[in-house]
């Protein structure tokens, strides 16, 4: 009972698997070194530095202004109600190539800021009016 089962074949590799048919074992065939693979195509021209559209550069101040106004109204009102204006201003500032999208989001940011300022002003007027009525009707 000292024989191995199954008996090992002399051509068998370690692990019990033979190489696939047609596959060379041992040293690989070397290929002749030639001049290369033939003529190479010309290299791609260098990509130009990504340039922002001049109309977007001219309007960046408006987007920055909308962002500053939204941040100030958020700080003064201590609410996150004007986060929409801030998001629109950031989207507008991140736009580098599409002029129409830049203008649209800058406009949305300013509209959001003005709506927020109007609502805050309306709340202040309502607050003052409420206390004026309370004082006027006090016995």
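Read-outs throughout are calculated quantities, based only on the coordinates presented, and are distinct from any laboratory measurement. What you see is a predicted model; the values in this text were computed from it and never measured. All Cβ positions, even for glycine, are placed from backbone atoms using ideal geometry, and neighbour counts span all protein chains on display.
Each label point is 7 Å from the Cα along the Cα-to-Cβ direction; what then is the distance between the points at residue 99 and residue 87, in nm?
That separation, rounded to one decimal, is 2.9 nm.
If you count, for each residue, the other Cβ atoms within 10 Å and average over each peptide, how do 107-114, 92-99, 125-132 line up from highest to lowest?
Top to bottom by mean Cβ count within 10 Å: 107-114, 92-99, 125-132.
If region 54-136 were replaced by its equivalent ellipsoid, with semi-axes equal to the square roots of 5 times the Cα gyration tensor eigenvalues, what would those be, largest first, whole Å? All intermediate terms of the calculation are to be shown ahead of the outcome.
Working: eigenvalues 225, 21, 14 Å².
Each semi-axis is the square root of five times an eigenvalue, giving 34, 10, 8 Å.
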